[in-house]
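The values are calculated or read from the model by the stated rules, or taken from the named source; none is laboratory data. Bear in mind that the values here come from a model prediction, so they are computed numbers and not experimental data. Backbone-built Cβ (ideal geometry, glycine too); neighbour counts: all protein chains shown.
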Amino acid sequence: MAQVAATRRNDAVRLTRRGRVVVVFATLMLLVIAGFTLGRASSQAAGPSAHRPLPTVTVAPGETLWQIAARVDPGADRRALVDQIEALNHLHDGRVVAGQQLRLPRH
């Protein structure tokens, strides 16, 4: 009976050095593949609009932000649109010059 118990203990799976290297390599590859898959899924969740550049407008001579807001989106609340344009372009005093390129919010 003692001999049967001894052989059962020795029947456990034992990996050679080469086997351990294969197991570690396979585990690392699975982790890398999982990381790429999760990264791709999260970037697709952001949507295609995240990669498109914002629309821009060139300031005409004598034009104000209020006039630009009216020209760009006549039906929108001009105050809100002017605030968004100021925030997107880091304008602190609302002044613009002719020829200046301004980024516009997406509708």
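Values for this structure:
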quantity	calculated
Tally of residues being in a loop (DSSP other than H, G, I, E, B) and touching a strand residue (DSSP E or B) at 6+ places or on another chain (Cβ under 8 Å) across region 55-83	2
Residue that is outside any loop (DSSP other than H, G, I, E, B), of a type in the set (Lys, Arg), under 30 Å from His107 (Cα atoms) and modelled with pLDDT under 90, where the choices are Arg9, Arg40, Arg52	Arg40
